[in-house]
Structures are given as C-alpha cells and as structure tokens.
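The values are calculated or read from the model by the stated rules, or taken from the named source; none is laboratory data. Keep in mind that what you see is a predicted model, and the values were worked out from it rather than measured. In this analysis, Cβ positions are derived from the backbone assuming ideal geometry, glycine residues included, and neighbour counts consider all displayed protein chains. We work out accessible area using only protein heavy atoms, side chains counted, and drop any ligands, DNA or RNA first. Shrake-Rupley method; radii C 1.70, N 1.55, O 1.52, S 1.80 Å.
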Amino acid sequence: MSNDKRESIWQALENHANQMKESRLKDFFNDAERVSKYSLEFDEIYLDYSKNFLNEDVMKLLLELAQTSDLEGAISRLMSGHIVNNTENRPALHTALRQDLSSQIKLNEENIMPLIKLEKEKMFRLVEQLHQGIYKGVTGKKITDIVNLGIGGSDLGPVMAVEALQSYQQSPLKLHFVSNVDPDVISGLLQTLDPATTLFILSSKSFTTTETLANAQVAIKWLEDNLKTKDIFNHFIAVTANPEKAQEFGIKPENTLRFWEWVGGRYSIWSTIGLPLAISIGPEHFEEFLMGARKMDEHFSGTPMTTNMPVLMALIGIWYINFWQAPTLAVLPYSQRLRRFPDYLQQLDMESNGKSVSAVGKNVKYDTGPIVWGQAGTNGQHAFYQLLHQGTHFIPVDFIVAAKTHSPLADQHLQLVANCLAQAAALMQGSDEVDIKFAHEHMPGNKPSNTLLLSKLTPRALGQLLALYEHKVFVQGIIWQINSFDQPGVELGKKLANTVISSLVRGETGSKMDPSTRDLIERIRA
Ligand code: F6P
C-alpha cells in the first residue's frame, strides 16, 4: 500500500467532512433515490444507511481507503487461517467454527474441520443427555439448573444469546450466569438452587482467570458441604482451550469440551463456549445460528466492497471517528431480548480495536475503536436520549429492530417499532422551526444513524447480526493497521490485582505500590 495514496485519500476525506458539517442531513433526501442508493439487504438483515452524511464522493473515497489497505487480501488471510494475530503468532479462525464441516481449513498442515466436528458432536450429545434427563448428579437426580461460570468472552456471548433467543427455548432446564467475582452474585444465586440438581459449566479459554476460578471454588465447597461428599465433579463441565489445567483442577476428561487457541475469547460463542446456548435452544437451532453467521461470512468474503454490509458499516464508522471526531457509537436495540447486545459488542469492539499501537509496533496518529454503549429502546428514550437529541456531542447511532415479534402482542410490538423509527427520524431531521416558541425547544437534528432491520429475531438472524459486527470490527482494524485479536491492555490490571490481593489479605505492601493505592489498602484493612 502506498502511504502517499492513503495520505491523499485521508486529506480529501477531511476536506469533505469540513464542507459537509455545514449541510443539513434532511436535505440529502431531496434526491428521491437516496434510500435505494444507501440501503442494502442481505438474507435476514436490511441495512438502511441513508441517514448518514454520505454522498457519492465520500463513498468513493472511503472505498478507496479500504482498497489501499488491501482489505480484500486481509479478508482472505483471515478466512484461510493465516497468522492475523501477529503479537500472539496465531490465526483467528472463528469463521471455521461455522463453516460447512465437509470443507477443509488447514493449520500447520492439519485439517481442523474434523476437530471442530468432534467437539460439536460431543457438545450436542451432552445437550441431549441433559434434555432427556439422562445426565444425573451424584445423588442420582436429574439436572434442573445449569450455572455458567465464566467472564468476558466466556460469558457475554452465551448470556446475551440465551436471552435473545428465549423464544426458541427447548427444555425446562434453567440457565444462570455468574461472571463477576463479587461474592453477592454467586452466594445470592446458590441460595436459590438445589445442589443435587445443579450443574456448573466452567467456561474459560485459559482456565487461569481468577474471577472464574474463585467462583468455581465457591461452587465446589457448596456442593461438598451440602451433598456431604468430595465426589462432586460430576456436577462440573469444563469448556476450555486448556484441558490440562481443567484436569489439574479436577474436571473429568469426559466432562471437558475443548476449543482452541485460534479462537479469540470474544469470538468464541460459535465454539463449545456456546454450550449454554445449545442447551437452551437445542442442536437444531444452534446449527441455524451457525448457518446465519456462515451466510454473513460468505457475503463478507464474496461480495464487492460497494455492496458489502460489514465493509460499509466499518467505513461509516471510520468516517465519523476519524473525520467527524465522534469517539462514541450508541447501539440501540429496540428489543428487550437484545438488552445484553451492547455489553457483548463492547467487548467485541473495544477489546479488539481499543489500541493505539499499530500491528508493526508504531504509535498510531489517528483515533481508533469507538466507545460503544447503549441499551434497549424504549428504556433508553427515558434516560439518555435527551443528550442524543440536544446535547453538545455528536453521537452516531446504530438502531436495531425486528419487523416481526414472537410475542402474541403483535400490535404492541408495532409501538416498539414505531418508537425506533421515530427516534431515528427525529435525530436526523430535528424539529420543525414553525413549531418552536422558545430556544430550548429547538431540536437541531443532523444526527446520523444506521437502521438494521431484521425480519425477526431468529437464531439465523442473530448469528448473522453477530458475524456482521465481527467483520465490521475486523475491517476497521485493517484500515487502522492495528491487531484486532490481542488484548495486552487487560494484562497489567490482572497482574496488579494479584499484588493488591496479597496486600489486602496479608498486609504485604509491595515496594512498587503507589501511595494512593497503599493508603486505600491500609484503610480497608483497618
Ligand atoms: O478480559 C480479558 C480476557 O482475556 C478476555 O479476552 C476473555 O474473554 C476473558 O478475559 C476471559 O478469559 P478466559 O476465557 O480465559 O477465562
């Protein structure tokens, strides 16, 4: 890629942004064809990106920016198992997890598809045993409650997807999620459960995450104390890329489901980390979920950039972050079932692209990943939308809404949909000046948004939505020239937590500890 070319595109985009800041978004709709020009439908998802500060020149430049970054080459390297995570010397093969199992993806000369097939079959067998009540606890009772102990990628995907696809629940098994090391969570939950009928899923790629292991120790003690036996490991399933560590911990090999180093934690919902989801919706729907993502992968790798949904969303994001100085992205699902989607996306996007050093170790001179935030509409409308409409910050929005509902209250669903469309319109067009009596009533409008319209929140649509954002994040990482697949920034906090724990528990004050932290520790100990 030529740096000069990139510089000149960058400069041209800056000029366009400066000019466009004077324009009115609603005037862009003087072009009667605007909606059809700036919208795209693929399988379960329709993307309307017409309410954005985009014109043909800007689109052309953004697409050129993608081309100068060798995006097409990068997509093919991602999908075929090249080392895209250079700092950890690994590929990022989450897309293989949803591939047709008869295809071949080679890693170090070995076709990994049979491995994926084997673990998926093992996971589905376990799901069937649980559904049929064949899997029993040590007292011989059927399992009724399943607690996922995991954090970050070993929690956010499963907890979000189980809730999102509640309408597809296949069995009366109750699923619970404990991620926080805050003892209030696990102790509060255990009070409501029967140890004889509770199964814990210990979800941890590394099997070294302190929060998860601390909660697991509480679970072990609770089982031992209440069931009056040390033989409680039938109540544990491990899902991990480190089966040796799981065994050291006491988990039986037959109760261990594997995944691999080449699956990033925040991309792991497609692997056996998806066990809670598979238990909830059953193997058939889980396959549909994978199929949705596979279709998005095919679209991503096989569609020209001009009509490629993840590429377009990524470019729109870059346009606002780098040329409109918009550091945040509000993600507003008009679906209570997608309530946890913004949390999920926070990890996916911010852990991936929250970087300031390029993949070749240089400080970047531009902004990178957005601060992602949001919550389900309409609740957000009665909390923070005031700031979206009349605040001083420029905040692009992704609205997500499904045309149809699983609820029998179809009319009420239309109220939900209407609110979503009304908010997007209000943000874009602002108030009609004729109706304004006082300055404080003025709604400036000119706030851009995308609307992602799903036909219905099905397993296939959810799979597609997640894959869409995964690829969007990937494209942005390529254009920003950063490694989207590591997370070194999380490590320092983990190390310091261990030092602080020793100080809090044993009073050891590390010489390297800063005075503020030392003082806080002393106060807490006192
Ligand atoms: O927060 C850092 C992180 O490493 C995430 O990337 C990961 O999803 C999470 O911790 C949990 O890690 P593990 O699955 O290894 O317990």
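Values as computed for the structure displayed
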| item | result |
| --- | --- |
| Sulfur and carbon atoms: percent of accessible area, the range 110-279 [1.4 Å] | 51 percent |
| Dipole magnitude of the range 449-526, debye to nearest 20 (Cβ charges: Lys/Arg +1, Asp/Glu -1, about Cα centre) | 240 debye |
| Reachable lysines, given that their alpha-carbon falls under 18 Å from the alpha-carbon of LYS122 and they are not under 8 places away in the same chain | LYS136, LYS205, LYS252 |
| Rounded to 5, percent antiparallel among DSSP beta bridges of the range 110-279 | 5 percent |
| The chain - percent relative contact order, Cα under 8 Å, separation 6 or more | 18 percent |
| All aspartates and glutamates inside 19 Å of LYS456 as judged from Cα atoms, apart from same-chain residues fewer than 8 positions distant | GLU41, ASP43, GLU44, ASP48, GLU163, GLU284, GLU287, GLU288, ASP398, ASP411 |
| Solvent-accessible ranking of ASP43, ASP367, largest area first, probe 1.4 Å | ASP367, ASP43 |
| The range 165-235, dipole about Cα centre (Lys/Arg Cβ +1, Asp/Glu Cβ -1), debye to the nearest 20 | 180 debye |
| Dipole-positive endmost among GLN487, LEU468, ASN446 within the range 440-499 (Cβ charges, Cα centre) | LEU468 |
| Packing-based ranking, highest mean first, of 156-167, 308-319, 270-281 given that Cβ atoms within 10 Å are counted | 270-281, 308-319, 156-167 |
| Area accessible to solvent at ARG518, 1.4 Å probe radius, in Å² | 70 Å² |
| Separation of alpha-carbon centers, the range 31-87 and the range 155-207, rounded to whole Å | 37 Å |
| Ranked order, HIS440, HIS16 - accessible area, probe 1.4 Å, largest first | HIS440, HIS16 |
| Cα gyration tensor shape for the range 335-475, rounded if a/c is under 1.5, else prolate or oblate | oblate |
| Global size of the chain as Cα Rg and Dmax, reported in angstrom | 24.5, 76 |
| For peptides 404-416, 475-487, 127-139, sequence by mean Cβ density within 10 Å, most packed first | 475-487, 127-139, 404-416 |
| Beta bridges per DSSP with both ends in the chain, % antiparallel, nearest 5 | 30 percent |
| Helix-only mean residue ellipticity at 222 nm for the chain, each DSSP H run of n ≥ 4 adding -39500 (n - 2.57), per residue, nearest 500 | -14000 deg cm²/dmol |
| Residue-by-residue Karplus 3J(HN,Hα) for the range 68-78, coefficients 6.51, -1.76, 1.60, Hz, glycine and proline x | 5, 8, 6, 4, 4, x, 5, 4, 5, 5, 4 |
| Translational diffusion of the range 266-309, µm² s⁻¹ [Kirkwood Rh, Cα pairs; Stokes-Einstein; 20 °C; 1.002 mPa s] | 184 µm²/s |
| For the range 153-300, fraction of C-alpha pairs farther apart than 20 Å, in % | 51 percent |
| Charge dipole of the chain about the Cα centre (unit charges at C-beta), most positive-ward option of TRP10, LEU149, SER69 | LEU149 |
| Listed residue pairs exceeding 18 Å between alpha carbons, taken from LYS141/LYS228; LYS362/LYS472; LYS5/LYS60; LYS295/LYS404; LYS51/LYS447 | LYS362/LYS472; LYS295/LYS404 |
| Dipole axis of the range 266-321 (+1 Lys, Arg; -1 Asp, Glu on Cβ), positive-most option in PHE289, PHE300, VAL311 | VAL311 |
| Share of pairwise Cα separations in the range 346-388, more than 16 Å, in percent | 54 percent |
| Protection proxy ranking, peptides 493-505, 196-208, average beta carbon neighbours within 10 Å, highest first | 196-208, 493-505 |
| PHE394 paired with HIS131, simple spin-label distance in nm, labels 7 Å along Cα-to-beta-carbon | 5.1 nm |
| Tensor-based shape of the range 3-60 (alpha-carbon gyration tensor, a/c under 1.5 rounded, otherwise prolate or oblate) | oblate |
| Student exercise, the chain dipole from Lys, Arg, Asp, Glu Cβ charges, in Debye to nearest 20 | 1000 debye |
